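Undergrad: Just passing along the structure, written as structure tokens.
The values are calculated or read from the model by the stated rules, or taken from the named source; none is laboratory data. Note that the structure is a prediction, hence the values are computed from the model and not measured. We place every Cβ from the backbone using ideal geometry, glycine too, and count neighbours over all the protein chains shown. Side chains included, ligands, DNA and RNA excluded: accessible areas come from the protein's heavy atoms. Shrake-Rupley method; radii C 1.70, N 1.55, O 1.52, S 1.80 Å.
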Amino acid sequence: MNQNPPPAPRPAYQNPALPAEERVADLLARMTQAEKIGQLGQVAMFSFAERREEYLAGARAGQWGSRILAESAWAGNNPEPALDPAQLNEVQRAAVEESRLGIPLLYGRDVIYGHRTVLPIPHTYAASFNPDLVEQALGDVAAEAAADGVRWTFSPMVDLVRDPRWGRVIESCGEDPFLTSQMAVAAVRGFQGDDPAAPGRLLACAKHFAGYGGAEGGRDYDTTGWSENTLHNMILPPFAAAARAGVASMMAGFHDLGGTPSSASQDLIRGWLKDGLGWNGFVVSDWGSIYDLIGHGVAQDEREAARLGLAAGLDLEMTAGFYERNIGALLDAGTLPEAWLDDAVRRLLRAKFRAGLFDRPYTDPALARTLHCHPDHLARARELASQSVVLLKNQGGLLPLAPTLKKVAVLGPYAEARREHLGSWCLNGRPEEVTTVLDGLRAAAPGIAFTTANAAFSDALIDTARQAELTLLCVGESHLRNGENKSIAELALPPGQEELIAACGRLGLPLVVIDFSGRYLPSPAAEAHAQAIVHAGSLGTEAGAALARVLLGEVSPSGKLPMTIPRCTGQIPIYYNRKLPAKIAPTCATYRGYEDERLTPLYRFGFGLSYSTFRLANLGLSSGTMPPDGTVQFSATLTNTGPRRAAEVVQLYIRDSVASTTRPERELKGFQRIELGPGESARVSFSIAADQLRFYTANRRWELEPGEFRLALGTDSAAPFTHTLTVTGTPEHNAKT
Ligand code: NOJ
């Protein structure tokens, strides 16, 4: 007879059939205070090989809730060793099978825009104005990273940026809240899919909450001073969009915002984000940003810093261990309410259930081989890279390269570069897998002799240019001059490159300058000497192949600038959605702005040329009045009037003529990328909902103010305002907090 007692019933939190909230509540009720505090900490596990036993013991003891898969705080700029899924499984097994409650660790990594397949960097892919393609391509990236055991990525970065000197502009989608929001939603959907628990998906993280992109002087980590009006109308909307899209987490920034470090901002995190939006995800600190509260001078010591962090609503501490060492004492002293601890743990556990970690904690080490650099991923990366290229100038239709050309020189520091195309957040991309510009061109056009010269010797380079019919001069700053903690004081190409462009230009032969900088830099020499200027940015693994398609005319360029390009550093900040000074109005014709420079930028937001031409005609508005909950259609006919198949991005702008606060000169409210064959037309229609006309008013809440709005449709931010829409109702009626 069997004497064994019947097996203990499975606890509710281990039952995948139950709703996540029920599992969270059940698990939370079983946890000790120490186990709860353990969940609030993230560890890096540096020098794993030497300290293996210590880390396994910590996992068994439930000492941490998460592990960041990075070898240093500068993971983006340092070469990182490949991930080892077997090692991740080993640590996970200690947590899941040997800790008291078996709570899995959440593995996070900076999978920002690529894994083995590397896409263009966000600042480059923002120019595609194609969130659907971004979503698909980031889905591929998620699958590759998940195959290596990653379950959570610290992406997307949704910081709005107006100062391109800031090195982290390359991680942003530029200066516009609408475009940034669309790309944020695309990234969240790309990483998380419909269900982040599905194999091949990751939890996403919108960062850096909030306003980090306003670093004064473009110096990383510097103080920011966004006004309340700008914060609510420009900076916070992309976070709200990510929250509405169901982003699992957000990361607080390193910076000070108007006197309160963002990592200590109870108003913004606990107030605006959690209570205000009702968002139920979790907030992670940035690397050591709780530690930095001491550096900011708002905390005396680590205990005070930990208190400020948890009080603000930071649920998980990235490294430093301040929570681990201090939260217990703070709770015992009654300085922090237990309810805040429970709230933080609940949010973290919810994310783990959402990620399916309890039911599928391990990864199959064989999976990566079948997914990394999968041909479908590379094809999508190539397509996104092709759509991200911006043609800024094309005198005499020099591009695409004429099929009659026999000899073309491909010169400059980027002619044969590889690593540089991967950008400064490249942890798993392999330089040897990158197609160079030269290889891409040679493979695509075997009938043309593409010559090159060692970029280190300008005399050899000039000689090669002289002997060719046309030169493609590949310039730009590398990943070593942008990214985190890498800003520049002068918005210009790196030393020597202006001279190189001018020297090639003086030969009097056709010259195309291709800029591979991660950001948009003005180049006076290119303006003066090149007949064609292409902004390629950081295009990723498929850089050379994608660029060849554009240069040879297989596809027409369709990228549009996500950020204004100033004429010079002194014009910064200069952005299209600025508030015009009253003195610029027609009543004051003498307003000049600068004595030594024009007011206009070098290239405006939304601008980008095509190999074809387009006409936008027959604009029509379905109704001139908009009730408070209404919708109107604004339409036009787009015709490809040129000789080639090409895509154009039609852009919708509004202007609020008179309001309770000053309002931007114009604001992007919609865009559509449309591809047409020669002579083809399509009707393009934008649905404008009353909700899109709301803003943060003088009443300090989101409202729809009655009155007149001007509307413009066009192919860049110079589109003329042609129609008027009148919003009816009263401000009280239209109010919405
Ligand atoms: C610091 C960066 O600010 C953040 O964006 C990144 O995700 C973390 N380090 C983790 O590496």
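Undergrad: For residue 70, indicate whether it is within 14 Å of the ligand (Cβ to nearest atom), out of contact with any Phe, Trp or Tyr (no Cβ under 8 Å at 6 or more places or on another chain) and either closer than 19 Å to residue 147 by Cβ or open to solvent by 10 Å² or more (accessible area, probe 1.4 Å) (or both).
TA: For residue 70, the condition - within 14 Å of the ligand (Cβ to nearest atom), out of contact with any Phe, Trp or Tyr (no Cβ under 8 Å at 6 or more places or on another chain) and either closer than 19 Å to residue 147 by Cβ or open to solvent by 10 Å² or more (accessible area, probe 1.4 Å) (or both) - is met.
Undergrad: Report, by residue number, each residue of the range 142-172 that is within 15 Å of the ligand (Cβ to nearest atom), touching a His at 6+ places or on another chain (Cβ under 9 Å) and in a loop (DSSP other than H, G, I, E, B).
TA: 150, 158, 159, 161, 172
Undergrad: For the range 281-298, how many residues are open to solvent by less than 10 Å² (accessible area, probe 1.4 Å) and without any contact (Cβ under 8 Å) to a residue 12 or more places away in the chain?
TA: 0
Undergrad: Kindly list the number of the only condition in (1) touching a helix residue (DSSP H, G or I) at 6+ places or on another chain (Cβ under 6 Å); (2) away from the ligand (no atom under 16 Å from the Cβ); (3) over 23 Å from residue 546 (Cα atoms); (4) open to solvent by 20 Å² or more (accessible area, probe 1.4 Å) that fails for residue 465.
TA: Checking residue 465 against (1) touching a helix residue (DSSP H, G or I) at 6+ places or on another chain (Cβ under 6 Å); (2) away from the ligand (no atom under 16 Å from the Cβ); (3) over 23 Å from residue 546 (Cα atoms); (4) open to solvent by 20 Å² or more (accessible area, probe 1.4 Å), the one that fails is (4).
Undergrad: Please count how many residues of the range 100-141 are under 20 Å from residue 196 (Cα atoms), of a type outside the set (Gly, Ala, Ser) and outside any helix (DSSP H, G or I).
TA: So the count comes out to 11.
Undergrad: Do we find a residue being open to solvent by 50 Å² or more (accessible area, probe 1.4 Å) and of a type in the set (Ser, Thr, Tyr) anywhere in the range 628-651?
TA: Yes; the residues of the range 628-651 include at least one that is open to solvent by 50 Å² or more (accessible area, probe 1.4 Å) and of a type in the set (Ser, Thr, Tyr).
Undergrad: Would you confirm whether any residue within the range 106-113 is over 30 Å from residue 175 (Cβ atoms) and out of contact with any Phe, Trp or Tyr (no Cβ under 7 Å at 6 or more places or on another chain)?
TA: no
Undergrad: Further question: Scanning for something more than 28 Å from residue 85 (Cβ to Cβ) and of a type in the set (Ser, Thr, Tyr), does the range 397-412 turn up at least one residue?
TA: The answer is yes, given that some residue of the range 397-412 is more than 28 Å from residue 85 (Cβ to Cβ) and of a type in the set (Ser, Thr, Tyr).
Undergrad: Name the residues in the range 1-24 that are free of Cβ contacts under 8 Å to residues at least 24 places away in the same chain and part of a helix (DSSP H, G or I), would you?
TA: Correct list: 12, 22.
Undergrad: Run down 713, 652, 704 and say which single residue is under 19 Å from residue 233 (Cα atoms), under 28 Å from the mean Cα position of the chain (by Cα) and among the hydrophobic types (A, V, I, L, M, F, W, C).
TA: One residue alone meets the criteria, 652.
Undergrad: May I ask you to list the residues in the range 344-401 that are at positive phi, in contact with a Pro (Cβ under 9 Å, 6 or more places away or on another chain) and in a helix (DSSP H, G or I)?
TA: Within the range 344-401, just 396 meets the criteria.
Undergrad: Look through 25, 57, 17, 12 and report the one residue that is more than 13 Å from residue 105 (Cα to Cα) and open to solvent by 70 Å² or more (accessible area, probe 1.4 Å).
TA: Only one candidate passes the filter, namely 17.
Undergrad: For residues that are part of a helix (DSSP H, G or I) and away from the ligand (no atom under 16 Å from the Cβ), tally how many sit in the range 181-212.
TA: 8
Undergrad: Scan the range 478-491 for residues that are out of contact with any helix residue (DSSP H, G or I) (no Cβ under 7 Å at 6 or more places or on another chain) and under 17 Å from residue 568 (Cβ atoms) and report the count.
TA: Residues meeting the conditions: 1.
Undergrad: Could you please give the count of residues in the range 313-343 that are in contact (Cβ under 8 Å) with a residue 40 or more places away in the chain and out of contact with any Leu (no Cβ under 8 Å at 6 or more places or on another chain)?
TA: 5
Undergrad: Could you please give the count of residues in the range 81-109 that are among the charged types (D, E, K, R) and buried (at least 22 other Cβ atoms within 10 Å of the Cβ)?
TA: Total satisfying the criteria: 1.
Undergrad: When both residues are 6+ apart or on different chains and their Cβ atoms are under 6 Å apart, which pairs have a first residue that lies in the range 237-259 and is within 25 Å of residue 166 (Cα to Cα), and a second that is away from the ligand (no atom under 15 Å from the Cβ) and among the hydroxyl-bearing types (Ser, Thr, Tyr)?
TA: If the second residue must be away from the ligand (no atom under 15 Å from the Cβ) and among the hydroxyl-bearing types (Ser, Thr, Tyr), the pairs left are 237/181; 238/180; 238/181; 241/181; 256/223.
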